[in-house]
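Encoded as structure tokens, the structure appears first; notes follow it.
The values are calculated or read from the model by the stated rules, or taken from the named source; none is laboratory data. As the structure is a prediction and not an experimental result, all values here were calculated from the model. Positions of Cβ are backbone-derived with ideal geometry, glycine not excepted, and every protein chain shown enters the neighbour counts. Heavy atoms of the whole protein, side chains included, go into the accessibility calculation; ligands, DNA and RNA do not. Shrake-Rupley method; radii C 1.70, N 1.55, O 1.52, S 1.80 Å.
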Amino acid sequence: MFRRTASEARVLILAPVGRDAELLAQTLRTIDVESVPVPSVDALLKELRVGVGAAVIADEAIPPRQVHELTSWLSSEPPWSDPPIIILTPGGQSKLYSNQRAQQFSTLGNFTLIERPTRPEIIQSAVRASLRGRMKQYEVRSRQEALLQANSDLEQFAHSASHDLKEPLRNIRLFNELVLKECGDKLDVRATGMLEVVGANAARMENLLADLLAYTQASNIPEGLPEITDGRKALHAALGNLDASIVEAQAEIIAGDLPAVRMRQSHLQQIFQNLIGNAIKYRRDDCPLRISITASRSGECWLCSVADTGIGIDPEFREKIFGIFQRLHTTSEYPGTGMGLAICQRIVERYRGRIWVESEPGQGSTFCFTIPV
Ligand code: ADP
């Protein structure tokens, strides 16, 4: 069942001249629809904010200027909402007048014109259809709210679980190391081997939990205007953290000039670190590794890219690799958690950007992401 208040099922009537409002209310009462008369467009807007099933408006009650006011209120409605509006037009008007008015009303979106004089059945069927459509909209709202709630509960669970599991896991790894160190000479090769497997698995799980935590933390990036970060600083910090693996892989790093962008430095650093870390990890043995980092203006965004000369990716998996825990290799081939790109995607999307990869197997990969200016 979905939630809908009484005010969201009512029909608002704006027909202040003559007996129109009263007759309309009577007509609707016979089909058990509650209506509320409003004396002006301002009063209509006030009531619309409370909730509405449909609105019936007499043409003469809404001058062009106020059609705009109504349109601007409608455009501020959430995506699920498209309130139905029935306009009662005067009969016997010139074609030019009718066309002009229809054009003005078209900005209202979900509107129906009914020419007067009309019959009660026409009004009743138009209102019934409008209320039915509006009810579906409220259903969509309810489902959306339930989904958002379930999502947030799940995020909260993942966050708490990864946070709370960190400490006991750390203890398992530390005590395991202690046993190996202090009692190693009393253990046979088999026992030592088994404890080493315990240690490796605990370390792997620690990495998984750290990535899961980073992923859930990326959901808490606040809405609103983000701070300005010097892109060069974020890249420099990422390269610093990857220094040992860059040296080991003998990677050549070519970094273009990076702009100041609207993103927290730690987030930009994390994106670079994950993408450059992957470029190093998924390198080819038979050709030198070159990693190029560039940024350029593309319309209303900065377009950043990290290109490598590595093993490349089959186009079939271009989207899949951004999913959580999605990997194209086993841990024995390449270590990893399958979370790095999911974290990048989550961060980029929280800043209203996009991330994607261009790649062919054996031809290297270019990861691109945008950050709105
Ligand atoms: P992980 O590296 O821990 O597996 P990611 O989410 O960072 O997780 O990457 C997902 C998958 O995408 C990787 O398992 C790998 O198959 C592929 N991938 C990511 N970056 C690259 C790259 N630069 N070159 C080739 N394959 C890559």
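Looking at THR5, is it surrounded by fewer than 14 Cβ atoms within 10 Å (Cβ to Cβ) and under 35 Å from the mean Cα position of the chain (by Cα)?
Here the answer is yes, as THR5 does meet what is asked.
I need the full set of residues from region 67-82 which are surrounded by 12 or more Cβ atoms within 10 Å (Cβ to Cβ) and either hydroxyl-bearing (Ser, Thr, Tyr) or more than 23 Å from GLN100 (Cβ to Cβ) (or both), in order please.
THR71, GLU77, TRP80, SER81, ASP82, listed by residue number.
Where the second residue is outside any loop (DSSP other than H, G, I, E, B) and among the basic types (Lys, Arg) and the first is farther than 11 Å from CYS368 by Cβ and in contact (Cβ under 8 Å) with a residue 24 or more places away in the chain and lies in region 297-322, which pairs have Cβ atoms under 8 Å and are six or more apart or on separate chains?
ASP308/ARG290; THR309/ARG290
Can you say whether ILE172 is out of contact with any His (no Cβ under 8 Å at 6 or more places or on another chain) and open to solvent by 40 Å² or more (accessible area, probe 1.4 Å), as far as the supplied structure shows?
Spelling it out, ILE172 is indeed out of contact with any His (no Cβ under 8 Å at 6 or more places or on another chain) and open to solvent by 40 Å² or more (accessible area, probe 1.4 Å).
Name the single residue, out of those in region 359-373 being more than 8 Å from the ligand (Cβ to nearest atom) and hydrophobic (A, V, I, L, M, F, W, C), that is nearest to ALA251 (Cα to Cα).
Of everything passing the filter in region 359-373, CYS368 is nearest to ALA251 (Cα to Cα).
GLU60 fails exactly one of the following numbered conditions: (1) in contact with a helix residue (DSSP H, G or I) (Cβ under 9 Å, 6 or more places away or on another chain); (2) within 20 Å of VAL127 (Cα to Cα); (3) among the charged types (D, E, K, R); (4) assigned to a helix (DSSP H, G or I). What is the number of that condition?
Among (1) in contact with a helix residue (DSSP H, G or I) (Cβ under 9 Å, 6 or more places away or on another chain); (2) within 20 Å of VAL127 (Cα to Cα); (3) among the charged types (D, E, K, R); (4) assigned to a helix (DSSP H, G or I), GLU60 violates only (1).
Being of a type in the set (D, E, K, R) and touching a residue at least 24 places away in the same chain (Cβ under 8 Å) is the filter; apply it to region 339-357 and report the residue that is surrounded by the fewest Cβ atoms within 10 Å (Cβ to Cβ).
Ranking the qualifying residues of region 339-357, first place goes to ARG350.
Keeping to region 94-128, report how many residues are exposed (fewer than 15 other Cβ atoms within 10 Å of the Cβ) and touching a residue at least 40 places away in the same chain (Cβ under 8 Å).
Number satisfying all stated conditions: 3.
Which of the residues that make up region 26-55 are open to solvent by 20 Å² or more (accessible area, probe 1.4 Å) and in a helix (DSSP H, G or I)?
The answer is GLN26, THR27, ARG29, ASP42, ALA43, LYS46, GLU47, ARG49, VAL50.
Search region 12-39 for residues that are in the same structural domain as ALA129 (by TED's automatic domain parsing) and pair each with any residue that is among the hydroxyl-bearing types (Ser, Thr, Tyr) and surrounded by 16 or more Cβ atoms within 10 Å (Cβ to Cβ) when their beta-carbon atoms are under 7 Å apart and the residues are at least 6 apart or on different chains.
Pairs found: ILE13/SER35; LEU24/SER35; ALA25/SER35; LEU28/SER35.
Step by step: first the residues of region 284-308, then only those that are among the charged types (D, E, K, R) and under 32 Å from the mean Cα position of the chain (by Cα), then the one that is farthest from GLY364 (Cα to Cα). Which residue is that?
Restricting to residues being among the charged types (D, E, K, R) and under 32 Å from the mean Cα position of the chain (by Cα), the top hit is GLU300.
Can you tell me which residues in region 140-162 are surrounded by 14 or more Cβ atoms within 10 Å (Cβ to Cβ) and either closer than 25 Å to LEU209 by Cβ or without any contact (Cβ under 8 Å) to a residue 40 or more places away in the chain (or both)?
Once the filter is applied, which keeps residues that are surrounded by 14 or more Cβ atoms within 10 Å (Cβ to Cβ) and either closer than 25 Å to LEU209 by Cβ or without any contact (Cβ under 8 Å) to a residue 40 or more places away in the chain (or both), region 140-162 yields GLU155, ALA158, HIS159, ALA161, SER162.
Can you tell me which condition ALA58 does not meet? The list is (1) open to solvent by 30 Å² or more (accessible area, probe 1.4 Å); (2) without any contact (Cβ under 8 Å) to a residue 60 or more places away in the chain, and all the others hold.
(1)
Taking the residues in region 14-25 that are aliphatic (A, V, I, L, M) and within 16 Å of ILE114 (Cα to Cα) as candidates, determine which candidate is most open to solvent (accessible area, probe 1.4 Å).
Ranking the candidates gives LEU23 first.
I'd like the residue in region 311-358 that is more than 24 Å from the chain's Cα centre (by Cα) and within 7 Å of the ligand (Cβ to nearest atom) and, out of all such residues, is nearest to LEU289 (Cα to Cα).
Per the criteria, the residue is ILE311.
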